[in-house]
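In what follows, a structure is listed as structure tokens, so that the remarks can point back to it.
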Amino acid sequence: MSVPNHAPMPGRPVPPMFSPGRIWTLAAATFTQLVRMRTFYFLLFFAVLVFGMSNVNLLYTAEQQLSTIRGTSFGAMWLFAWLFAVTATAVVIPRDIEDRTLYTILSKPVPRVEYLLGKFFGVLLVITVALGAMLLLSGLVLEFRKAGLIAETRSYLEQSPDLTPADIQGQLDAISSEGFHPRLFTAAWIILLQAAVMAAATILVSTFASSSLFTIIVGIAFFLIGHGHRIAVDYWSEGGATNNWLAWAAKVVPDFHIFNVHEKIVAGSTASPLVMAEITAYAGVYCVVYLLLGWYMFSDKEF
Amino acid sequence: MSGSSSTPPSSPPAIEARELTKVFPLQWSKGYMVAVDKVSFTVNAGEVYGLIGPNGSGKSTTMKLVLGLMAPSLGTTKVFGLSTSDVRARSEIGFLPENPYFYKHLTGAETLRFYGKLCGLRGRSLQERIGELLELVDLEHARDRRLAGYSKGMLQRIGLAQALVQRPRLVVLDEPTAGVDPIGSREIRDLILRLKQEGISVFLCSHLLEQVQEVCDRVGIIFQGKLRREGPLDELTAIENQTEILLQEASPALISKIQALIQAEGADLLSLGRPRTTLERLFLDEVERGLADARSAGVHSAEPSPPPRP
């Protein structure tokens, strides 16, 4: 062994009470952890699904074929995002506790809120990268398939003597409009927002849960309750229930129907900037509230 | 053992625990358990302090209270004058838990980079520090290997390296040689002595009494949550009414004279014989001798060279 100097650093700078750099370090470690757990293997499944759908010709029109590829791709992205947000977040914190890695992290100058934020952003980073990759892949498949369908349709229509060039172009434009469109970025953003809310809620649960399995079950139940939220509120309203307790209970879990706008966007609608801002703020408020509650629970937790 | 501390005398104690008490409520009953009961001790700057006690005596809880991983039910702990509830105090602490587990998906170098960044180290200084520490713990050959492929001893050594990454003024070691072979154990012991020479305070929890005796300046004995004895090791281990004389090259005639004198004075001769070496020393001597023989015979051993003697 050599003998390097380990003497304390003279004039050591006082560590900041809150450091985005430390949060980023924790988020990057979480990202690496999840990536090396081979979570991106899901992308292979996604690629097979999208390429498979692009070669299915059971439907009547070219527009319907492209619409199906789009719908299937975004359905898979939506499923991956929220399910991954729950399962990955439910694993990362309990595993640190069980492995006692948490001891070595918290014995460094790391405030507990930074630890929670690092885990949260690490999971979100994985989801963002995965959604980006899926979006890129579905966009490429859509454009490739669109080009093929346009070529096939053009050669078919040009054989018809009754159609004018304007008619043909109109039909080709209709097919083209079903390809990749920049509005799909907003659909992906909404899927990410919903995943962020799920990740924040799961972080909150994992600060007091006794196991990953319990956290996953509660997380999935939370998701289902969020989707049944509107039905329950409508039922209470019709029954004339004006109970304040019920009104507050309804606010604890977000209404996930709000995020279903992404389905309409994928189907062809466009969300206005105001609607996008509202959805973003809605998700942001829930994320902040859940993370603050998680911090409160975690700050006095003893290991 | 006296410390050759480079820390100025005005420096506040490395650890100052006052009336430290930790009570755990028992589940499914209205009772409670006192894990640590009014424990007070001080670890001076540059000192090696050993907390010893059987399993379940309150060692780990005391250590967690010192690290701020738990809040005391009563009492206070300070590290270099800062309350352990203050996150800033932890920039002065390096901690090696018992049987450490780190992120297995990271390599040795990545692990040190991760902990270094948490301590605010960046850039070239961090890179240089990683190289120094890997060299120190003899893991340069495994710097790019994932921790999933490390042996228990290697994990212990990378754990020590991460504890030292930010050059802390206090190092807290929980059973640092658990699962480590005698050579590795010797290296860790030498490292503790080296840290002491550099003025770094060490708080050590162990039930390996021989090891504690070799490296500690002061010792606390904890049992059933209470600190039973505490003080400088030399004072605690001295037997007040006995005197030891160790002779070298003494002739049988001289020994007979001494025995006669003892009898004449009315004192009791409790033992007479040759002092024993320790099993650890015997083992290390044999390994060293074997390596020296191999070297002189021109055979290159694949085994690591033994540690230098202190």
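Output the residue which, of all residues in the stretch B:215-233 that are buried (at least 19 other Cβ atoms within 10 Å of the Cβ) and among the charged types (D, E, K, R), is nearest to the other protein chains (Cβ to nearest Cβ).
Going through the qualifying residues, I end up with B:Asp217.
Filtering the stretch A:80-117 down to residues that are among the polar types (S, T, N, Q) and more than 13 Å from every other protein chain (Cβ to nearest Cβ), which residue is farthest from A:Leu291 (Cα to Cα)?
Pass one, the stretch A:80-117, residues among the polar types (S, T, N, Q): A:87, A:89, A:101, A:104, A:107.
Adding the requirement that they be more than 13 Å from every other protein chain (Cβ to nearest Cβ) leaves A:87, A:89.
Values: A:Thr87: 17, A:Thr89: 13 Å.
Applying the filter and picking the extreme gives A:Thr87.
Let me confirm something: among B:Leu236, B:Leu270, which residue is at pLDDT below 85 and over 20 Å from B:Glu210 (Cβ atoms)?
Details: B:Leu236 fails: over 20 Å from B:Glu210 (Cβ atoms).
None of the others qualify; the one that does is B:Leu270.
So, in the stretch B:70-98, exactly how many residues are without any contact (Cβ under 8 Å) to a residue 60 or more places away in the chain and surrounded by 19 or more Cβ atoms within 10 Å (Cβ to Cβ)?
6
Output yes when any residue across the stretch B:173-195 is crowded, with 17+ Cβ neighbours inside 10 Å, at pLDDT below 90, outside any helix (DSSP H, G or I) and of a type in the set (S, T, N, Q), and no when none is.
yes
Out of A:Phe303, A:Phe298, A:Phe259, which single residue is within 14 Å of chain B (Cβ to nearest Cβ), touching a residue at least 40 places away in the same chain (Cβ under 8 Å) and either surrounded by fewer than 15 Cβ atoms within 10 Å (Cβ to Cβ) or within 30 Å of A:Gln65 (Cβ to Cβ) (or both)? Please lay out each step first, then the result.
Details: A:Phe298 fails: either surrounded by fewer than 15 Cβ atoms within 10 Å (Cβ to Cβ) or within 30 Å of A:Gln65 (Cβ to Cβ) (or both); A:Phe259 fails: within 14 Å of chain B (Cβ to nearest Cβ).
After applying the criteria, what remains is A:Phe303.
Determine whether B:Leu247 is out of contact with any Lys or Arg (no Cβ under 6 Å at 6 or more places or on another chain), surrounded by fewer than 14 Cβ atoms within 10 Å (Cβ to Cβ) and outside any strand (DSSP E or B).
Working: out of contact with any Lys or Arg (no Cβ under 6 Å at 6 or more places or on another chain): yes; surrounded by fewer than 14 Cβ atoms within 10 Å (Cβ to Cβ): yes; outside any strand (DSSP E or B): yes.
Taking the combined requirement at face value, the residue satisfies it.
Kindly indicate the residue of the stretch A:132-177 that is in contact with a helix residue (DSSP H, G or I) (Cβ under 9 Å, 6 or more places away or on another chain) and among the hydroxyl-bearing types (Ser, Thr, Tyr) and also farthest from A:Leu43 (Cα to Cα) among those meeting that condition.
Here the residue is A:Ser160.
Can you pull out the residues in the stretch A:246-303 that are among the β-branched types (Val, Ile, Thr) and outside any loop (DSSP other than H, G, I, E, B)? So that I can check it myself, show each step before the final result.
At the first step, the residues of the stretch A:246-303 found to be among the β-branched types (Val, Ile, Thr) are A:252-253, A:258, A:261, A:265-266, A:270, A:275, A:279-280, A:285, A:288-289.
Selection gives A:Val252, A:Ile258, A:Val261, A:Ile265, A:Val266, A:Val275, A:Ile279, A:Thr280, A:Val285, A:Val288, A:Val289.
Given (1) crowded, with 20+ Cβ neighbours inside 10 Å; (2) at pLDDT below 90, where does A:Ser155 come up short, assuming only one miss?
Unmet for A:Ser155, out of (1) crowded, with 20+ Cβ neighbours inside 10 Å; (2) at pLDDT below 90: (1).
Being touching a Leu at 6+ places or on another chain (Cβ under 6 Å) and either free of Cβ contacts under 8 Å to residues at least 12 places away in the same chain or part of a loop (DSSP other than H, G, I, E, B) (or both) is the filter here, so list the residues in the stretch B:7-31 that pass it.
If the condition is that a residue be touching a Leu at 6+ places or on another chain (Cβ under 6 Å) and either free of Cβ contacts under 8 Å to residues at least 12 places away in the same chain or part of a loop (DSSP other than H, G, I, E, B) (or both), then B:Ala14 is the only one that fits.
Got at least one residue in the stretch A:65-74 being more than 30 Å from B:Ala161 (Cα to Cα) and without any contact (Cβ under 8 Å) to a residue 60 or more places away in the chain? Give the steps one after another, and end with the answer.
Taking the stretch A:65-74 as the starting set, the residues that turn out to be more than 30 Å from B:Ala161 (Cα to Cα) are A:65-74.
With without any contact (Cβ under 8 Å) to a residue 60 or more places away in the chain added as a condition, the list becomes A:68, A:72.
Yes, some residue in the stretch A:65-74 is more than 30 Å from B:Ala161 (Cα to Cα) and without any contact (Cβ under 8 Å) to a residue 60 or more places away in the chain.
Looking at the structure I just gave you, is A:Ala81 modelled with pLDDT of 90 or more, surrounded by 19 or more Cβ atoms within 10 Å (Cβ to Cβ) and more than 26 Å from B:Leu155 (Cα to Cα)? Before the answer, list the steps.
Working: modelled with pLDDT of 90 or more: yes; surrounded by 19 or more Cβ atoms within 10 Å (Cβ to Cβ): yes; more than 26 Å from B:Leu155 (Cα to Cα): yes.
Against the criterion (modelled with pLDDT of 90 or more, surrounded by 19 or more Cβ atoms within 10 Å (Cβ to Cβ) and more than 26 Å from B:Leu155 (Cα to Cα)), A:Ala81 qualifies.
The values are calculated or read from the model by the stated rules, or taken from the named source; none is laboratory data. In this text, all values refer to a predicted model and were calculated from it rather than measured experimentally. Cβ atoms come from the backbone with ideal geometry, glycine included; neighbour counts cover every protein chain shown.
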